[in-house]
1. For A:L67 and C:I160, what does the FRET efficiency come to when R0 = 30 Å and r is the distance between their Cβ atoms, rounded to the nearest 0.05?
2. What Cys residues in the protein assembly as shown have no fellow cysteine's beta-carbon under 4.7 angstrom?
3. Restricting to DSSP loop positions (anything but H, G, I, E, B) with no more than 15 other Cβ atoms inside 10 Å of their own Cβ, which chymotrypsin sites (Phe, Trp or Tyr not before Pro) remain in region B:65-163?
4. Over region B:6-190, what is the relative contact order in percent, taking alpha-carbon pairs closer than 8 angstrom and at least six residues apart?
5. Hey, if you put +1 on the Cβ of every Lys and Arg and -1 on every Asp and Glu Cβ in the protein assembly as shown, which of B:M187, C:T185, C:M44 ends up farthest toward the positive end of that dipole?
6. Going Cα to Cα from C:K195, which lysines come in below 16 Å? Please leave out same-chain ones fewer than 8 positions away.
7. To the nearest whole number, what is the average tally of beta carbon atoms from other chains within 10 Å of the beta carbons of peptide C:109-118?
8. Return the long-range amide H neighbours of A:A77 (sequence gap of 5 or more, or a different chain), with a cut-off of under 5 Å between placed amide H atoms.
Amino acid sequence: MVDANKKTKLIEVGRTGIFLVALCAIIALLLSLLNIVTRDRISENEERNLRDAVVALFGSENIEYVLLEVTPEAVDAIYKVTEGETARGYCVRVSPEGFGGKIDILVGVDNSSSVIGVRIISHNETPRLGSRIENNHFLSQFIAITSKSEKNIDVISGSTVSSRAVTEGVRTALSALDEYLLGGVVIE
Amino acid sequence: MISLSFSQTLMLMFSAIIVENLIFSKLYGASPFIKVSETPITALGMGIVTSVAITLSSALTWIVYHLILEPLGLEHLKTMAFILVIVALVQLLEMLLRRFTPSLYSSLRTYTPFIATNCAVLGCALLNIQNNYNFIRSVCYGFAASIGFTLAIVIFAGVRARIEFATPPRAFKEFPLTLIAAALLAMAFSGFSGIKL
Amino acid sequence: MSKNNGFITQLKNGIFDNNPTLIQLLGLCPALAITTSLSNAIGMGVATTAVLICSNILISLLRKFIPSKVRIYTFVIIISGLVTAAEMLMKSFFFDLYTSLGLFVPLIAVNCIILEGADSFASKNKVITSAIDGLSMGLGFTVALIAVSIIRELLGTGTILGFSVFGASYRPAILFTLPAGAFLTLGLIAAVVQKARYAKEDREKSKGREEERV
């Protein structure tokens, strides 16, 4: 009698287990398929964001950029920017911590390591207020700054945290780029 | 993944508890915050259990993500995997509570569903991945964030106990008044924002 | 005729009498966190409603096969699967909305409304009824989100859907874009809703008394 009970219990557990595993497997499979289908489109979207920013920084549709293989720890990526045969400079992508999370910014730097512009790629700062860091008046303060500048950046009143974050990000970007360039390997 | 010195870790923890408080800054965990803060004691109990849940799940989800999902290229399954880990963890905690502290278990029994579906638990796990923290930092962040959560709901429970005896206009009774009290508390905490350590 | 009536009644129920957010107090996290702009609110509402309807349908279809001991796990697997799918689709077709909503997209999976709908309704009812329930709860949630976000965006940034309403001279009440403002707005809306309910109750009570007297 006891054995029969144990057996039915075991069967029940087995059935439940199989049900869950099967369900998980089916859903995981479907999701992986969906992932494969949408993967390209998603990376296109992300790429478009980046490209728009680079184009805006260097002011030309014809620029190309290449991700450098060596990325210093403090930044997300460094891109070498070229237009045709000429090297235009670099773009450094940093994500400093802002008010609502990380602010994804792109710092455009010309061949003499001075900033030609800063673009905000994405952020979760408070709309309108924290978003003011996107406006040109604030961002234009960074132009012509180099890692040796002592310039005082005016923060946007009411968006102190966001503004400081961006400033910090630019500083990090410049020093990381310096470190990379000094490191010797200047890719042709 | 940047590794940090001890003092830097402490400062980050302070930041996670006060400056970027889970509830008042990120608004994770708002649901249980409003509902489980009736008395300071239940709030404390809830806070502690949630803290254990968040800390442990930060550890477990990190392991699942970096040791299982990433190597297999299955990062897109992280939401599903994390939630399963969290639900299983909460059930396990429930069983342990029932076995070892039956009195605490029965008083918190009605609230345990709020832990698994707490935005804060899943939120912290996902944040750790998004910010690319290493294992130690993930667990520390989870721990610190959950202390912030506990702090928030205990303070709020104290506030609610006080307004228990207030007589607001009928339209504001209970829920609306609770929210407005929460608003004032949030305003107080927003004074901390922008402290950069 | 009666089927139509039932459908409309259920929708009204979901939006007014039993609004999941304002009355049942579910799904408060997104209602407070992402309602800083109307477009966010609409996007989140639509996404959540879609997941809710699909999950209700799927769970209702499977309801005879789900072993009761692992109910919650089953629901969670299905719901998180749907949310992940929604995430991928949003990233593909509504990329800006996705970056706006951020981490709250995967957090749809722990939205109490969906789990509640699955547990108390879809697992016990037929497919069409469950789908309609999903639609009504989802609409109620979306309406609540829209209400909060209209106030927060209008007063907090002076815009609606990104279009400036009050002109450049408007100094916005920044409070509304902060978490404190979220609590405040939701609280005020909840007070309005509660007042309406009490008024309705009073009317019905006095009607009842009049009928008694007669």
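Every read-out reported here was derived from the displayed coordinates using simple, explicitly stated rules and does not represent laboratory data. All values derive from a computational prediction rather than experimental measurement. In this analysis, Cβ positions are derived from the backbone assuming ideal geometry, glycine residues included, and neighbour counts consider all displayed protein chains.
1. On the way: r = 40 Å, r/R0 = 1.32.
In this case the efficiency is close to 0.15.
2. A:C24, A:C91, B:C124, B:C140, C:C54, C:C112
3. Sites meeting the loop and neighbour criteria: none at all.
4. It rounds to 43 percent for region B:6-190.
5. So the residue we want is C:T185.
6. Answer for C:K195, where 16 Å is the Cα cut-off: B:K173, C:K205, listed by chain and number.
7. Values: counts 7, 14, 3, 8, 0, 1, 3, 2, 0, 0.
Neighbouring Cβ atoms belonging to other protein chains average 4 per residue here.
8. Distant-sequence amide H within range of A:A77: A:R93.
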